[in-house]
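Peer 1: Sharing a structure below in structure tokens format, with a few things to ask.
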Amino acid sequence: MSSRTLSGVVVAVACAAGYGQIYPTTPDWVSTESRYGTGAALVDLDLDGWVDLVVANGNDMRQERLEVYYNNGDGTFPTVHDWQSNDIAYNGHLDVADVNGDGYPDVAVAVLGNGSQHGPAAKLYLNNAGTLSASPSWISSEVMPAFGCSFGDMNGDGKPDLAVATGWAYGTPHLYKNLVYVNTGSGLPASATWQSADSWDTQGAIWVDADDDGWLDLALAASATYSRVYRNLGGVLETTASWTNESTAQDAIMLAAGDVTGDGRTDLFITDNTQLGGSGRFRQYNGLPGGGFGPTYSWSFNEGYGSAVALADVDADGDLDLATGGWWDSTRLFLNTGTGFGASDSWRATATSVVEKIVFADVNNDGLRTVTETFADPTRSMYSLGHQPVQRVVRVERDGVVLGPGEYAFSYQDGWISVGAAPVSALVVSYAYTQRPDMAVSNWDANIGDKLYLNRLGPICLADFNDDGAVNTLDVLAFLNAWNAGDAGADCNGDGAINTIDVLCFLNLWNAGC
């Protein structure tokens, strides 16, 4: 192997040509601790340029702690946590965003309970210059079971708001309304800002611009009723959902969204589990030309105890692939054919586990690319980026003014950014994504640790600066435009400065063909 730097990160270049198996069928890393792993995220907590693994433990089995495995700075994690929370709880799923605008990602966690004992619906751990607060910095005043949570920007002010999916599907149903906590500008309010009119049991939440109007809608995965989408009407979320899927016979747990058909419209994926009478299918709902999703699924795969779903371009071919997981089953991948997925999986893990969450990021920094995208629609302040997931946002500039971290919100997982006010002329966003996403899996089985699979994709062509699959003069023009603009992506030699040495560095790569 040889290495070179691009955009300030070390990029490994395989000497052998061609592409082998994308992931090994056995994990590269497994934690050694006995936990009921549930929520998970890959995010750079300490801003050292390497993503860390955050796991929320407990579920409905045992009161446990949040834990962080800090990246060793070489793409590896310790097998035992580096940090854990002081408090214990029946922790559910989590999400990350910079809630207080200090530049460091904070962690919110839903709290499920065990049927007879409920805690607050959600809590937040603020990030103190790389270390999460040992005890929650914020706790919701609503006491109810909640399994899923998701950061979005409901009112379009460029600050992350927290949605919480509530309910207890195993007992007396339909007692709790779903919630959104709208950021006050410095943090989250104690009481929910928005509540749904209905009180159906939901288990997963995701923000998605379903109708492409520049406002994030709220989708919830439900049990014993329809999964649903609440439209965002100019910053006001409807309290009764305007879209539902086709069946009440479901035990839906999680959602994911992205354009997998290549038609420019966002598609929605919902897991389903057979434990409480669902079909056990992973289901795809296509985005419609007029906005929203089809009322019936267009593709499905039957896994039985389906639990997790995630999207990422794992093979660097420009389209999103699908990862799925089930209880006591294998983690699976479905590679996108260009318009969607086939009837069977393309890869699966050898061993089974109780998969709770699948997350993607570049753990060893061997496929990072920095790109700059320009948006010029003066009617909207929220835009979908060209890649998901997002490793980090490098720079945001609205009408020539650089925005600070407290002036925009974005989703690591789903690749949208919200900047508070629409640009008059242009919004320019530089961000890092990866062509070699690694895959982490949290595991509920306390006899099996959480897992990491490193992407084994073959050599990535760094000279293909515009990512169109070809090395030609268009790449030189794209690089020079970025260099003239002083964009971080033009720092070819990774020394932190944009100068003529970077031009020579890139031309050497371009002349070599890759």
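The values are calculated or read from the model by the stated rules, or taken from the named source; none is laboratory data. Predicted model only: the values in this text are computed from it and were never measured. Virtual Cβ from ideal backbone geometry, glycine too; neighbours counted across all protein chains shown. Note: accessible area is taken over every heavy atom of the protein model, side chains too, but ligands, DNA and RNA are not part of it. Shrake-Rupley method; radii C 1.70, N 1.55, O 1.52, S 1.80 Å.
Peer 1: Could you count how many residues in region 302-315 are closer than 19 Å to Asp468 by Cα and part of a strand (DSSP E or B)?
Peer 2: Count: 1.
Peer 1: Tell me which of these Val401 doesn't satisfy, since it passes every other one: (1) more than 21 Å from Leu162 (Cβ to Cβ); (2) in contact (Cβ under 8 Å) with a residue 60 or more places away in the chain.
Peer 2: Here Val401 clears every test but (2).
Peer 1: To continue, here is another question. Return the pair list, or none, for Cβ contacts closer than 7 Å from residues in region 64-88 that are on the phi > 0 side of the Ramachandran plot to residues that are open to solvent by less than 10 Å² (accessible area, probe 1.4 Å), at least 6 apart or on different chains.
Peer 2: Close Cβ pairs (under 7 Å, with a partner that is open to solvent by less than 10 Å² (accessible area, probe 1.4 Å)) amount to Gly75/Val363; Gly75/Asn365.
Peer 1: Which of (1) within 24 Å of Val43 (Cβ to Cβ); (2) of a type in the set (A, V, I, L, M); (3) in contact with a strand residue (DSSP E or B) (Cβ under 7 Å, 6 or more places away or on another chain) does Leu457 not meet, given it meets every other one?
Peer 2: Condition not satisfied by Leu457: (3).
Peer 1: Tell me which residues, restricted to region 469-486, are among the β-branched types (Val, Ile, Thr) and either outside any helix (DSSP H, G or I) or in contact with a His (Cβ under 8 Å, 6 or more places away or on another chain) (or both).
Peer 2: Across region 469-486, the qualifying residue is only Val471.
Peer 1: Give just the number: which of (1) open to solvent by less than 40 Å² (accessible area, probe 1.4 Å); (2) of a type in the set (A, V, I, L, M, F, W, C); (3) closer than 30 Å to Asp52 by Cα does Ala190 not satisfy?
Peer 2: If we test Ala190 against (1) open to solvent by less than 40 Å² (accessible area, probe 1.4 Å); (2) of a type in the set (A, V, I, L, M, F, W, C); (3) closer than 30 Å to Asp52 by Cα, just (1) comes out false.
Peer 1: Moving to a separate point now. Can you tell me which residue within region 67-88, out of those that are among the hydrophobic types (A, V, I, L, M, F, W, C) and surrounded by 20 or more Cβ atoms within 10 Å (Cβ to Cβ), is nearest to Asp44 (Cα to Cα)?
Peer 2: Val68
Peer 1: So is Asp329 surrounded by 18 or more Cβ atoms within 10 Å (Cβ to Cβ) and within 23 Å of Gly469 (Cβ to Cβ) or not?
Peer 2: no
Peer 1: Which one is farthest from the chain's Cα centre (by Cα), of the residues in region 316-336 that are assigned to a loop (DSSP other than H, G, I, E, B) and at pLDDT 95 or above?
Peer 2: Trp328
Peer 1: Mind checking which residues of region 193-229 are among the polar types (S, T, N, Q) and open to solvent by less than 10 Å² (accessible area, probe 1.4 Å)?
Peer 2: Correct list: Ser196, Thr202, Ser223, Thr225, Ser227.
Peer 1: Being open to solvent by 10 Å² or more (accessible area, probe 1.4 Å), more than 22 Å from Pro389 (Cβ to Cβ) and modelled with pLDDT under 95 is the requirement here; does Gly113 meet it?
Peer 2: So Gly113 does not fit the description; no.
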